[in-house]
C-alpha cells in the first residue's frame, strides 16, 4: 500500500452546469417557507408551537379512529355514528387550532425576511416580487392544507379499514376526495389574506399574530352588533364565519356554521364566496403594492 | 478599451430633493473596478441601479449589453451582490442560507449544498458553517455575505463596502479575497470610501462625488504624474523663482517642492536651479500620485 499522501487545493471552481429557471427558484422559496413555518433546520424551541398545534389537530382524529376500533362489533353502529364527528364537523373541531396555526405561520413567512433585510438578497436574484410573494403564499397553502388534511385522511382511511370493505368504503365516499381539500382551501382563503396583510406591516412575528387574532375576534363581534342594530349585511365582516358557511356548502351540511352571524342574517353562501374572493384580492393587491416599494 | 461590461448613459437618480446621481456616463471594462467616493456620493445607488433594484429617474444602464431597466432578471442571473448592511436570517446556519441563495441564483438543489460548502471554505468559514448566522461576528458576517454573493458563480460581483466594520486583520483578509475573485474569472465592482483599499485591489477606478462622475479610467493612468518632488535643505525661495522663470509650475510646502513642466525635462530644470542658486538638496524623485491626491484635487476643483 502506498503511504504517499496528496494535498488537494480546494479552490474555487465555477459552476458550468445548466441553470434552473424561475419555476425552480419559486419552488426553492416554497420549500424554504415550509421549513420556516415548521421550524425545520431551526432550534428545538422554534418547533414547539407548530408541532404542538399539529399534534393537537391530529389527536381528535386518532381518538375518533380509536373510538371506532373500540366500539366495533358492539352492534350500536347507528347510535355511535351520531357521536362521531363527520368530515365536515372535523373542520369545526380543529377550527380554532387552524386559525392559530395560520396566525403563527403567516408572520413567520414574511416578517423575518423583511426585518433582517433578507429581501435585499431576494431582490438581487433573478426573480420578481410576484415570484417571492406567490411562493410564500404557496408555502402557507401547503402547510395549511397538510394541517387540515392529515387528520381527515386518518379518519377517512381509518373508516375504510374498519368498514371491512376498504375498496367499497373508498368508492362510496369518492366525493370526499375533492370536498375535503376544497374545505381546506376555503379555510385558507378566508384566513391567509388578512394574516399576510398584517404580517406585511408588522416588525415582530408575535405582534403580527396577536393583531391578526385580535382583529378577527373583534371583527366577529362588530359584525354581530352591527348586523343586529344597523344592517344585516354587516354580517359580512364576520371573517371566520365565511369559512364555516363555505364548508357547509361544500359538504351540503347546513349544520356547519349554525349560530354564526352570517347564517343568522341569511347571508347566501354565494355572497360569502364573493366576499372571501374580494378580501383575498384586496389583500393580494395591497401585499404586492407594499412589497414593490420595499423590495 | 476591451468591450465594456458596464455602460451607463445620462444616468440621473433623485430621491425627492436629493440628487443622488447626476448625468453619469460610464464605460467600464472587465476586471477589478473600484467605485470610490465619500459617504453619500451615490455609490450604493449606482450599484442598485446596475442590478435593476432601483429605477433611475432618467438615463439607462447596461450590464454585459443587457439593459438593467428592461431585463433586470437577465442581468441578475449574471451578477452577484453583497449589500452593505446585514442580510441574514439570524436563526439559520450559514451552510443552509448560502445553499438556499445558490438555488435562488439558479443552481439546482442537488448542486447548491456542495457549492455552499466549497464557497464557505473559500471565504474561511469552513468550521463555522453550521453555526447560526445570528451568532456571527462582524467579520464572519462580511465573509458570509461575500459567500452568498459568489456562490452561484456570477460573472460580475458588486460589493458594497465589503471591508466596512472590519478590524485590520479582517480587512486584510477581505482585500485578499477580493483580489482572488479576479483570478477566478469574476469581474468585481468594489465600492469603498477607503481609497487605500481601492488602490490595493483594483485596476480601474470610477470616482464619484455628490452624484457626479469625477474620474473613470485605469488606476495606472490616475497614478501617472509628470510632477517631480524635491526636498531642499535650505530656503527654497531662490530656487522657486528660478524654476518659475523657466515656465515651471511649482507648489511649495515648507521645503518640499512639486514641479511640473509642460515642455522640457523637469529634472534638468531642477539641476540648473540648484546649480544656479546653490540651495542644498535632500531628495529628488518622481511624485507618486495617490488616489487621495486625485480625489482631493478633483473635489476642490469641482467644489
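Given the convex hull over the Cα atoms of the range B:228-287, what projected area results after averaging over all orientations, in nm²?
Projected over every direction and averaged, the Cα hull of the range B:228-287 covers 3.3 nm².
For the protein assembly as shown, what does -39500 (n - 2.57) per DSSP helix run (n ≥ 4), summed and divided by total residues, give at 222 nm, in deg cm²/dmol to the nearest 500?
After summing the helix terms and dividing by residue count, I get -17500 deg cm²/dmol.
Stick to Cα atoms and the Kirkwood definition of Rh, then tell me Rg/Rh for the range A:121-187.
My calculation puts Rg/Rh at 1.25.
Two decimals is fine: what's Rg over Rh for the range B:1-84, C-alpha atoms, Kirkwood radius as Rh?
0.94
Helix A:129-162 versus the longest principal axis of chain A: what is the Cα-based angle in degrees, 0 to 90, to the nearest 10?
In chain A, helix A:129-162 runs at an angle near 50 degrees to the longest axis.
How do B:191, B:153, B:283 rank when sorted from fewest to most other Cβ atoms within 10 Å of their own Cβ? Could the numbers behind the result be given before it?
Working: B:191 26, B:153 23, B:283 10.
Ranking B:191, B:153, B:283 by Cβ neighbours within 10 Å, fewest first, gives B:283, B:153, B:191.
Would you compute the Debye intensity of the range B:172-269 from its alpha-carbon atoms alone, equal scatterers and no solvent, and pass along log10 I(q)/I(0) at q = 0.12, 0.13, 0.17, 0.22 Å⁻¹ to two decimals?
Computed log10 I(q)/I(0) values: -0.62, -0.68, -0.84, -1.04.
Hey, can you rank B:210-216, A:88-94 by average C-beta count inside 10 Å, highest first?
A:88-94, B:210-216
Quantify how strongly other chains surround peptide B:90-101 by giving the mean number of their Cβ atoms within 10 Å of each of its Cβ atoms.
On the way: counts 4, 9, 8, 2, 0, 1, 5, 3, 0, 1, 7, 6.
Average neighbour count from other chains, rounded to a whole number: 4.
Ranked highest first by average number of other Cβ atoms within 10 Å, how do A:210-219, A:40-49, B:29-38, B:49-58 line up?
Result, highest mean first: B:29-38, B:49-58, A:210-219, A:40-49.
GNM, chain B, Cα, under 10 Å: largest mean-square fluctuation among B:227, B:94, B:269?
B:269
Among B:61, B:101, B:251, which one shows the biggest mean-square fluctuation in a GNM of chain B, springs joining Cα atoms closer than 10 Å?
Most flexible of the set in this elastic network: B:251.
To the nearest 10 degrees, how steep is helix B:291-302 against the longest Cα principal axis of chain B, on a 0 to 90 scale?
80
Would you tell me the mean number of C-beta atoms belonging to other protein chains that fall within 10 Å of each C-beta in A:108-120, as a whole number? Don't jump to the answer; show the numbers that get you there.
Numbers: counts 0, 0, 0, 0, 5, 2, 0, 2, 10, 6, 9, 1, 12.
Neighbouring Cβ atoms belonging to other protein chains average 4 per residue here.
Alpha carbon centre of the range A:113-185 versus the range B:37-54: separation in Å?
Going from one Cα centre to the other spans 42 Å.
The range B:113-256: D in µm²/s via Stokes-Einstein (Kirkwood Rh, Cα pairs, 25 °C, 0.890 mPa s)?
132
Take the Cα coordinates of the range B:1-157, assign each an equal point scatterer, and use the Debye formula without solvent to give log10 I(q)/I(0) at q = 0.10 Å⁻¹.
With one equal scatterer per Cα and no solvent, log10 I(q)/I(0) is -0.41.
Give me P(r) over the protein assembly as shown, computed from all C-alpha to C-alpha distances, binned every 20 Å, as integer percentages.
Result returned by the calculation: 17, 36, 26, 14, 5, 2, 0.
Compute the semi-axes of the equivalent ellipsoid of the range B:38-109, taking the square root of 5 times each eigenvalue of the Cα gyration tensor, and list them largest first in whole Å.
Semi-axes, largest first: 26, 18, 8 Å.
For the range A:22-294, rounded, prolate or oblate, judged on the Cα gyration tensor with a ≥ b ≥ c (square roots of eigenvalues), a/c < 1.5 rounded, else prolate if a/b > b/c?
On the way: a/c = 2.10, a/b = 1.36, b/c = 1.54.
Since a/c reaches 1.5 but b/c is at least a/b, the shape of the range A:22-294 is classed as oblate.
Run through the DSSP bridge list for the protein assembly as shown and note the antiparallel percent, rounded to the nearest 5.
Roughly 65 percent of the DSSP beta bridges within the protein assembly as shown come out antiparallel.
Give the order of B:123, A:276 when sorted by the count of other beta carbons within 10 angstrom, beginning with the fewest.
A:276, B:123
Measure nothing fancy, just the Cα-based angle from helix A:22-38's long axis to the longest principal axis of chain A, in degrees from 0 to 90, nearest 10.
60
With label points built 7 Å along Cα→Cβ from the Cα atoms of residue B:169 and residue B:67, find their separation and express it in nm.
Here the modelled spin labels are 5.1 nm apart.
Ranking B:250, A:167, A:96 by Cβ neighbours within 10 Å, fewest first, what do you get? Spell out each step's value before the answer.
Working: B:250 20, A:167 9, A:96 12.
Fewest-to-most Cβ neighbours within 10 Å comes out as A:167, A:96, B:250.
Given N residues in the range B:103-152, what is Rg(Cα) / (2.2 N^0.38 Å)?
1.09
Where q = 0.15 Å⁻¹, what log10 of I(q)/I(0) comes from the Debye formula for chain B, counting one point per Cα?
After summing over all Cα pairs, the log10 values are -1.10.
Can you work out D for the range A:194-295 in µm² s⁻¹ from Stokes-Einstein, where Rh is the Kirkwood radius over C-alpha pairs, the temperature is 37 °C and the viscosity is 0.692 mPa s?
Values: Rh = 14.6 Å.
For the chosen part, D equals 224 µm²/s.
What's the average, rounded to a whole number, of partner chain beta-carbon atoms within 10 Å of each residue's beta-carbon in B:66-78? Show your work: numbers first, answer last.
Working: counts 0, 0, 0, 0, 0, 0, 4, 7, 1, 1, 5, 5, 1.
The shielding value for this peptide is 2.
How much of the calculated P(r) for the range A:143-250 lies past 25 Å, in percent of all Cα pairs?
Every Cα pair in the range A:143-250 considered, those over 25 Å come to 41 percent.
Compare A:14, A:22, A:203 in a GNM of chain A, Cα atoms joined below 10 Å, and give the one with the largest fluctuation.
Highest fluctuation among the options: A:14.
Each reported figure results from applying straightforward, stated rules to the coordinates on display, with no laboratory input. If you're wondering where the values come from, they're calculated on a predicted model, not measured in any experiment. Cβ atoms come from the backbone with ideal geometry, glycine included; neighbour counts cover every protein chain shown.
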